[in-house]
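Asks: Following this message is one structure expressed as structure tokens.
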Amino acid sequence: MDSRVKEILDKSNKVVFFGGAGVSTESNIPDFRSESGLYKAMNDYGFSPEHMLSRSFFLQHTEMFFDYYKKNLIYPDAQPNKAHIALAEIEEAGKLIGVVTQNIDGLHQKAGSRKVFELHGSVLRNNCMDCGAYYDLEFIMNDENCEKGIPRCPKCGGIIKPDVVLYEEALDDEVIRGAVDAISEADTMIVGGTSLVVYPAAGLINYFRGNDIILINKSETSYDDRASLVINDSIGKVLGS
């Protein structure tokens with residue numbers, strides 16, 4: 001771990017982490033919002049990723065939605081990287097009171113983190129839109145459970161929707177409350193792998209009332225001037241051992 005980060009953490013009692021896509025790209029999960037992600041979406045489908053991942057597109061073009069979703073947002077073989085592992089270790093040591101993530105891959109939990117607030121949901125959870133029955137990722141990825149690529153509930157025939165917050169959908173109130181409570185309670189916040197431009201999620205860091213913000217991102221952000229420490233580098237490299 002970077003010595004400057006360690007020095008701040010050593011004097012902290014309640015640390016919260018706020019992370020974005022940059023945490024998962026180090027596990028080889030591409031950021032669909034990147035320039036290459038935008039090009040691929042426009043080239044293959046003729047629509048932007050944001051449009052295809054909207055509630056209205058899901059309802060109007062369900063087959064195309066699932067084709068894009070399964071090919072571009074599902075990475076079942078991805079493994080936690082040094083950043084995920086380091087955060088789980090900080091929690092195990094009793095210092096980390098919450099991980100607030102914009103990612104939907106479940107890698108924080110896979111690394112061992114328990115107090116995770118998934119602002120945008122998770123690809124690992126899926127529910128029938130009609131009867132509410134729960135299905136795991138393996139079920140919806142199995143073509144035998146799909147009709148024209150659309151996963152269907154064997155109990156009632158309804159469409160199974162991923163528990164992912166689409167554009168035009170509201171964030172979950174309970175998750176928001178948990179994230180706000182953790183951020184408000186913390187004396188140190190680590191912000192990593194996010195440019196802090198995706199709202200309303202990015203606005204949550206305004207609830208921080210503690211002493212130190214450590215901002216780790218490869219590029220500059222509009223919040224750099226509020227941080228005690230800014231490191232423009234890979235988050236896995238900075239937090240990892």
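Asks: Among the residues of region 207-241, what is the count of those that are open to solvent by 20 Å² or more (accessible area, probe 1.4 Å) and part of a helix (DSSP H, G or I)?
Replies: So the count comes out to 5.
Asks: If you don't mind, there's one more thing I want to ask. Restrict the check to region 166-175 and report whether at least one residue is part of a helix (DSSP H, G or I), β-branched (Val, Ile, Thr) and either at pLDDT below 95 or more than 15 Å from PHE66 (Cα to Cα) (or both).
Replies: Kept after step one, since they are part of a helix (DSSP H, G or I), are these residues of region 166-175: 173-175.
Add one more test, that the residue is β-branched (Val, Ile, Thr), and what stays is 175.
After this cut, where a residue has to be either at pLDDT below 95 or more than 15 Å from PHE66 (Cα to Cα) (or both) as well, the list is 175.
Yes, because at least one residue in region 166-175 is part of a helix (DSSP H, G or I), β-branched (Val, Ile, Thr) and either at pLDDT below 95 or more than 15 Å from PHE66 (Cα to Cα) (or both).
Asks: Let me ask you something else. Cβ-Cβ distance below 7 Å, separation of 6 or more or different chains: which pairs start in region 148-168 with a residue that is closer than 14 Å to LEU59 by Cα and end on one that is polar (S, T, N, Q) and buried (at least 20 other Cβ atoms within 10 Å of the Cβ)?
Replies: ILE160/ASN126; LYS161/ASN126; PRO162/ASN126
Asks: Quick one: which helices (runs of 4 or more DSSP H) lie wholly within region 28-129 and hold at least 1 residues that are touching a helix residue (DSSP H, G or I) at 6+ places or on another chain (Cβ under 7 Å) and surrounded by fewer than 18 Cβ atoms within 10 Å (Cβ to Cβ)?
Replies: Numbers: elements: 35-45, 49-52, 55-60, 62-72, 82-92, 107-111.
Correct list: 35-45, 49-52, 62-72.
Asks: Within region 137-163, restricting attention to residues that are assigned to a loop (DSSP other than H, G, I, E, B) and open to solvent by 20 Å² or more (accessible area, probe 1.4 Å), which residue is nearest to ARG55 (Cα to Cα)? Show your work before the answer.
Replies: From region 137-163, those assigned to a loop (DSSP other than H, G, I, E, B) are 142, 148-149, 153-158; that's our starting set.
Right, trim to open to solvent by 20 Å² or more (accessible area, probe 1.4 Å) and you get 142, 148-149, 154-157.
Numbers: ASN142: 23, LYS148: 19, GLY149: 18, PRO154: 23, LYS155: 24, CYS156: 22, GLY157: 20 Å.
Per the criteria, the residue is GLY149.
Asks: I would also like to ask the following. Quick check on this structure: which one of ILE104, ILE159 is among the hydrophobic types (A, V, I, L, M, F, W, C) and farther than 30 Å from SER12 by Cβ?
Replies: Result of the check over ILE104, ILE159: ILE159.
Yes/no matrix, rows are residues, columns are (1) aromatic (Phe, Trp, Tyr); (2) touching a residue at least 12 places away in the same chain (Cβ under 8 Å); (3) farther than 24 Å from VAL191 by Cα:
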| site | (1), (2), (3) |
| --- | --- |
| SER48 | no, no, yes |
| PHE58 | yes, yes, yes |
| MET64 | no, yes, yes |
| LYS71 | no, no, yes |
| HIS84 | no, yes, no |
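Asks: With the condition kept exactly as written, say whether any residue in region 195-212 is touching a Leu at 6+ places or on another chain (Cβ under 9 Å), of a type outside the set (Phe, Trp, Tyr) and modelled with pLDDT of 95 or more.
Replies: yes
Asks: To continue, here is another question. What is the residue count in region 172-206 for residues that are crowded, with 16+ Cβ neighbours inside 10 Å and either on the phi > 0 side of the Ramachandran plot or hydroxyl-bearing (Ser, Thr, Tyr) (or both)?
Replies: Number satisfying all stated conditions: 5.
Asks: When MET52 is evaluated against the numbered criteria (1) in contact (Cβ under 8 Å) with a residue 40 or more places away in the chain; (2) in contact with a Phe, Trp or Tyr (Cβ under 8 Å, 6 or more places away or on another chain); (3) of a type in the set (A, V, I, L, M), which criterion, by number, is the only one it fails?
Replies: MET52 satisfies all of (1) in contact (Cβ under 8 Å) with a residue 40 or more places away in the chain; (2) in contact with a Phe, Trp or Tyr (Cβ under 8 Å, 6 or more places away or on another chain); (3) of a type in the set (A, V, I, L, M) except (1).
The values are calculated or read from the model by the stated rules, or taken from the named source; none is laboratory data. Quantities reported herein were computed from a predicted structural model and do not represent experimental measurements. Neighbour counts run over all protein chains shown; Cβ positions are idealised from the backbone, glycine included. We work out accessible area using only protein heavy atoms, side chains counted, and drop any ligands, DNA or RNA first. Shrake-Rupley method; radii C 1.70, N 1.55, O 1.52, S 1.80 Å.
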